[in-house]
Amino acid sequence: MLNKKIAELLNDQINKELYSAYLYLDFANYYADEGLDGFAHWYEVQAQEERDHAFMIRRYLINNGIRVQFKAIAMPDKTLQNHLAPLEAGYEHEQYVTSLITAIYHEAFEQKDYKTMQFLDWFIKEQGEEETNAEDMIKKMKLFGTDAKGLYALNQELAARTYAPSATGPAM
Ligand code: FEO
């Protein structure tokens, strides 16, 4: 049985991950409306990955005998005024998610809950990758996105992202 506080934090994290999926779909909506289908596609794939994260945490709680309880998912509230805005908002959001995962990890450490720490290791690594990806996209956009040809090429590049459910998920 998991410690009550850790179970609550993980239960809340399901909501945050589903919100992340919702937020990234909102970015995809914005880019689709702007005619940038590659950017829209990239965020659709990202939303699928976030949904997977929510499922993984839900499964971990169920496997540990916890009754999962859902709460309302917040409305995406980022202001998207130009093509760079979602990328910057995405990076900021991933940094926030990293802080949440780190806080749960810290609580697990305090409670000597090595099982949850092991489960969260995967998420710590994933957050590192997601922050790097988000930062890279901002860099590329600033370098190439201000010119129509560069933006076209970037859109093509992002259109090539494929969704692959994680073969090696977290330790359950
Ligand atoms: Fe699942 Fe990007 O946090």
Could you grab me the full set of residues in the stretch 131-151 that are surrounded by 13 or more Cβ atoms within 10 Å (Cβ to Cβ) and free of Cβ contacts under 8 Å to residues at least 40 places away in the same chain?
133, 140, 144, 150
When residue 122 is evaluated against the numbered criteria (1) within 15 Å of the ligand (Cβ to nearest atom); (2) not in a helix (DSSP H, G or I); (3) not small (Gly, Ala, Ser), which criterion, by number, is the only one it fails?
(2)
Name the pairs whose Cβ atoms lie under 6 Å apart, with the first residue in the stretch 82-105 and without any contact (Cβ under 8 Å) to a residue 40 or more places away in the chain, the second within 13 Å of the ligand (Cβ to nearest atom), and 6 or more positions between them or separate chains?
98/127; 105/120
Might you let me know whether the stretch 120-129 holds any residue that is small (Gly, Ala, Ser) and closer than 22 Å to residue 54 by Cα?
yes
Return the total of residues in the stretch 11-59 being over 27 Å from residue 154 (Cβ atoms) and out of contact with any Lys or Arg (no Cβ under 9 Å at 6 or more places or on another chain).
7
The correct count of residues that are within 16 Å of the ligand (Cβ to nearest atom) and in a loop (DSSP other than H, G, I, E, B) in the stretch 51-103 is 4
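Just so you know, all these numbers are worked out from the coordinates, no wet-lab data involved. Please read all numbers here as calculations on a predicted model, not as lab measurements. Methodologically, a virtual Cβ is constructed for each residue, glycine included, from the backbone with ideal geometry; neighbour enumeration extends over all protein chains shown.
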